[in-house]
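Contents: one structure, followed by commentary.
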Amino acid sequence: MSTAAAGAVSSLVLGGHGIVMAIVLPLVMGSVLVVLEKFKSRWVVPLSVGATLALLVLSMLLLAQAHSGHTQAYLLGNWQAPFGISLVLDRLSALMLVLMAVVSCGALLYALGGDHQRGEHFHSLFQYQLMGLAGAFLTADLFNLFVFFEVLLAASYGLLLHGASRARLRASLHYVTFNLVGSALFLFAVSLLYALTGTLNMADMAVKLQQLGPQDVRLAQAAALMLLVVFAVKAALLPLYFWLPDTYAAASGPVAALFAIMTKVGVYAIARTTALIFGAGAGVEAGSVAADIAGMAMPVLVTLALATLVLAAIGVMAARRLRGLVSYLVVASAGTLLLAIGLGTVQTLGAGLFYMVNSTLVAATWFLLADRISAARGDVDMLRPRVMAGAWAPLGVAFVVASVAVAGMPPLAGFFGKALLLQAAALTPWAVWVVALVLASSLATMVALARAGSSLFWKPATETAAQPPLSTSGGMSASTSLNTSATRPVHGIAIIGLLITVVALALLAGPVNGYTEAAAQQMVQRQPYIDAVLGARPVPAAYDVRKEMHERGEFK
Amino acid sequence: MLLLLAIGIGVLTSCGIWLLLRARSFDVILGLALLTYAVNLFIFAMGRVKVNAMPILEGAGPFTLDNTSDPVPQALVLTAIVISFAMSAVLLAIALRARSETGTDHIDGQERK
């Protein structure tokens with residue numbers, strides 16, 4: 001089936017409400033699941049899985065719609081654009097939605113292996129998390145973005161605390177505090193931008209910022225940089241990533257896998273705001289206000305992203321736990337992505353998007369895999385030789401495939417992503433630094449993974465006498481590890497499924513790259529987005545309440 | 001009045017940040033509360049401070065911001081208050097749980113040696 005036909009079919013099936021469905025579906029399912037989970041209904045699992053699969057199908061349909069290159073705006077409550085909140089579907093947001101849905105399917109499937117029973121309300125929190133993510137990817141309103149950030153954060157607090165251990169509590173306290181401060185800063189920035197432009201709609205703001213008087217430019221820059229800081233907290237940029245390794249290492253496996261898409265929300269928000277509101281990239285005349293803002297923020301972003309890469313490489317090398325190592329891999333991928341955004345050309349953006357698809361899928365796989373590996377070693381996460389219980393060969397094979405994918409070696413898609421990025425970066429003034437540091441961090445990743453793999457898989461039996469008994473080494477109590485550490489078929493299916501998507505990404509690299517390049521093109525051309533949002537007309541009312549009230553004399 | 005409001009926001013923010021940087025979870029939560037108050041006042045002020053102006057368009061007259069007040073920041077403040085209130089409650093619950101699990105109210109879960 002051609003994508004155009006799929007797009008036509010999907011708009012027919014969804015009746016034009018497909019965009020908002022991506023938010024409403026998880027919201028409704030989450031609310032239903034709250035009640036069902038309370039009564040321990042046997043419908044909880046089927047409904048939760050069904051809802052997540054439905055979201056996957058829905059986001060695929062939306063991707064098919066967006067693939068035509070037509071930017072669609074949806075007016076919430078039928079309010080016309082700058083006054084109401086609008087949602088926008090373009091190639092970038094559709095890509096993020098699909099990525100989110102794929103990762104969430106893997107994470108949910110894995111959680112069914114036992115993690116979902118460690119505490120209450122796993123499934124409803126999971127759905128609310130998806131709702132927040134989908135909303136953040138779709139909204140075209142800055143304050144609404146804040147609200148969806150809060151939704152996804154609130155759900156993530158719950159998921160992080162799910163089945164709480166002591167390490168998890170400590171990490172949560174830091175994570176929640178950090179994000180609340182970030183939210184406060186977000187509100188400062190948003191309200192400052194509102195004061196300057198009189199609008200919260202991103203498209204409208206893009207127009208209004210161009211007309212800003214010279215006396216307000218400094219304020220606009222301050223607001224823009226505050227926004228950048230807020231999103232950098234989410235995206236794990238250098239001075240602000242210290243919450244991430246602890247948090248991700250403390251979360252349970254499937255939750256950490258779902259969180260792999262959470263850093264990408266920050267990356268997405270930076271990409272969207274810089275490209276759309278502040279007009280980085282093409283299409284902005286030099287000397288204008290927006291060019292001033294972008295010209296100031298971008299070198300900062302590139303420098304910090306490069307520094308993030310270096311520190312993440314050191315973190316990967318120095319990690320003593322497998323989870324910690326994987327967390328630093330997430331930081332490294334965030335650094336690479338922000339580098340692609342900071343360089344700001346169409347080519348680097350396209351390459352960055354391609355890299356993001358791969359790195360998100362791989363990171364999610366890694367968290368699941370790390371959970372399985374530590375379970376097979378008696379809930380020990382330390383990178384020390386230990387006896388492996390059960391079959392280690394499948395884990396070893398998965399480890400090798402995932403390592404190849406994350407380090408960016410051929411033949412998997414991580415290689416294409418990094419190669420494309422380096423190729424694109426060669427045309428920018430930062431070429432030398434980018435090439436040197438990206439390659440160095442890849443090398444460090446490879447060395448660290450090779451070392452971790454050899455100590456995990458190749459030296460297991462040599463030091464059996466020296467290892468402490470199992471009961472004192474695990475982070476969690478024996479009762480919780482009993483019912484979760486047994487490997488179930490769903491664990492394998494989830495990991496293998498995600499690995500298949502990683503491999504498929506390499507096989508389909510051509511079409512996917514075509515899509516991400518088109519998405520990057522669409523990102524830097526702001527006018528179609530602005531036209532789509534501001535030009536969207538409310539649907540004529542089928543039933544005119546005002547008229548009725550006029551006729552009855554109830555309306556002055 | 002503007003000056004008073006600005007000073008108020010400044011004092012609240014600085015007190016909030018000072019408390020946030022302390023190592024006790026109670027201080028941190030109080031700091032966050034002060035910071036969110038400051039944010040709420042700031043959003044409110046960003047809609048231009050007006051006395052005796054309604055956010056509702058009523059009667060005749062040119063409906064400009066000169067004789068009405070902007071309703072949008074007021075709605076934003078309402079949303080922000082609700083969200084920050086709920087989040088503070090979540091943080092309090094986590095802090096209490098951490099206090100009872102770890103036996104200390106240090107933000108790291110252990111006293112500095």
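Provide a single number: the residues in region B:43-88 that are in a loop (DSSP other than H, G, I, E, B) and either without any contact (Cβ under 8 Å) to a residue 24 or more places away in the chain or within 12 Å of chain A (Cβ to nearest Cβ) (or both). Let's see the steps before the verdict.
Of region B:43-88, the ones in a loop (DSSP other than H, G, I, E, B) are B:47-70.
Then drop every residue that is not either without any contact (Cβ under 8 Å) to a residue 24 or more places away in the chain or within 12 Å of chain A (Cβ to nearest Cβ) (or both), which leaves B:47-50, B:52-70.
Summing the residues that are in a loop (DSSP other than H, G, I, E, B) and either without any contact (Cβ under 8 Å) to a residue 24 or more places away in the chain or within 12 Å of chain A (Cβ to nearest Cβ) (or both) in region B:43-88 gives 23.
Provide a single number: the residues in region A:504-527 that are within 25 Å of the chain's Cα centre (by Cα) and either of a type in the set (G, A, S) or more than 19 Å from A:V357 (Cα to Cα) (or both). Write out each step before concluding.
To start, the set of residues in region A:504-527 that are within 25 Å of the chain's Cα centre (by Cα) comprises A:504-526.
Keeping just the survivors that are either of a type in the set (G, A, S) or more than 19 Å from A:V357 (Cα to Cα) (or both) gives A:504, A:506, A:509-510, A:514, A:518-520, A:524-526.
Residues in region A:504-527 being within 25 Å of the chain's Cα centre (by Cα) and either of a type in the set (G, A, S) or more than 19 Å from A:V357 (Cα to Cα) (or both): 11 in total.
Among the residues of region B:30-86, what is the count of those that are of a type in the set (S, T, Y) and within 30 Å of B:L96 (Cα to Cα)?
Residues of region B:30-86 of a type in the set (S, T, Y): B:36-37, B:64, B:68-69, B:79, B:84.
With within 30 Å of B:L96 (Cα to Cα) added as a condition, the list becomes B:36-37, B:79, B:84.
Of the residues in that region, 4 qualify.
Within region A:113-121, does at least one residue satisfy the condition of being outside any helix (DSSP H, G or I), touching a helix residue (DSSP H, G or I) at 6+ places or on another chain (Cβ under 9 Å) and among the charged types (D, E, K, R)?
Initially, region A:113-121 is screened for residues outside any helix (DSSP H, G or I), giving A:113-114, A:118-121.
If we keep only those that are touching a helix residue (DSSP H, G or I) at 6+ places or on another chain (Cβ under 9 Å) as well, we get A:113-114, A:118-121.
Among the residues that remain, those that are also among the charged types (D, E, K, R) are: A:118, A:120.
So far as region A:113-121 goes, yes, one or more of its residues are outside any helix (DSSP H, G or I), touching a helix residue (DSSP H, G or I) at 6+ places or on another chain (Cβ under 9 Å) and among the charged types (D, E, K, R).
Out of the residues in region A:358-383 that are under 12 Å from A:H491 (Cβ atoms) and at pLDDT below 85, which is nearest to the chain's Cα centre (by Cα)?
Of everything passing the filter in region A:358-383, A:A375 is nearest to the chain's Cα centre (by Cα).
Restricted to region B:54-65, and to residues that are under 27 Å from the mean Cα position of the chain (by Cα) and loosely packed, with under 14 Cβ neighbours inside 10 Å, which residue is nearest to A:V190 (Cα to Cα)?
The initial filter retains those residues of region B:54-65 that are under 27 Å from the mean Cα position of the chain (by Cα), namely B:54-56, B:65.
Of the ones still in play, those that are also loosely packed, with under 14 Cβ neighbours inside 10 Å are B:54, B:56, B:65.
Working: B:M54: 23, B:I56: 23, B:L65: 20 Å.
For region B:54-65, the residue satisfying everything is B:L65.
Just name the residue that is nearest to the other protein chains (Cβ to nearest Cβ) out of those in region A:153-181 that are outside any helix (DSSP H, G or I) and small (G, A, S).
A:A164
State which residue pairs qualify: first residue free of Cβ contacts under 8 Å to residues at least 40 places away in the same chain and within 11 Å of another protein chain (Cβ to nearest Cβ) and inside region B:19-37, second residue outside any helix (DSSP H, G or I) and surrounded by fewer than 19 Cβ atoms within 10 Å (Cβ to Cβ) in any location, beta carbons under 8 Å apart, and separation of 6 or more residues or different chains.
If the second residue must be outside any helix (DSSP H, G or I) and surrounded by fewer than 19 Cβ atoms within 10 Å (Cβ to Cβ), the pairs left are B:G31/B:L21; B:G31/B:R22.
Given the conditions (1) in contact with a Gly (Cβ under 9 Å, 6 or more places away or on another chain); (2) more than 14 Å from chain B (Cβ to nearest Cβ); (3) within 25 Å of A:G16 (Cα to Cα), which single one is not true for A:N144?
Going through (1) in contact with a Gly (Cβ under 9 Å, 6 or more places away or on another chain); (2) more than 14 Å from chain B (Cβ to nearest Cβ); (3) within 25 Å of A:G16 (Cα to Cα) one by one, A:N144 breaks only (2).
Go through region A:149-180 and count every residue that is out of contact with any Asp or Glu (no Cβ under 9 Å at 6 or more places or on another chain), free of Cβ contacts under 8 Å to residues at least 12 places away in the same chain and among the hydrophobic types (A, V, I, L, M, F, W, C).
Residues that pass the stated criteria total 1.
Return the pairs, sorted by first residue and then second, in which the second residue is among the β-branched types (V, I, T) and not in a helix (DSSP H, G or I), the first residue lies in region A:523-543 and is in contact (Cβ under 8 Å) with a residue 40 or more places away in the chain, the beta carbons are less than 7 Å apart, and the residues are 6+ apart or on different chains.
A:P528/A:T71; A:Y529/A:T71; A:Y529/A:V88; A:A532/A:T71; A:A532/A:V88; A:V533/A:V88
Would you please list the contacts, defined by Cβ atoms under 8 Å and residues six or more apart or on different chains, that run from a residue in region B:89-113 that is more than 7 Å from chain A (Cβ to nearest Cβ) to a residue that is among the aromatic types (F, W, Y)?
B:D105/B:F26
Condition check ((1) within 7 Å of another protein chain (Cβ to nearest Cβ); (2) at pLDDT below 90) across all residues:
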{"site": "A:F186", "(1), (2)": "no, no"}
{"site": "A:V190", "(1), (2)": "no, no"}
{"site": "A:A195", "(1), (2)": "yes, no"}
{"site": "A:L200", "(1), (2)": "no, no"}
{"site": "A:A203", "(1), (2)": "no, no"}
{"site": "A:A206", "(1), (2)": "no, yes"}
{"site": "A:L209", "(1), (2)": "no, yes"}
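Exactly one condition in (1) free of Cβ contacts under 8 Å to residues at least 24 places away in the same chain; (2) not in a helix (DSSP H, G or I) is not met by A:L87; state its number.
The number of the failed condition is (1).
The values are calculated or read from the model by the stated rules, or taken from the named source; none is laboratory data. Note that this is a predicted model, so its numbers are computed, not measured. All Cβ positions, even for glycine, are placed from backbone atoms using ideal geometry, and neighbour counts span all protein chains on display.
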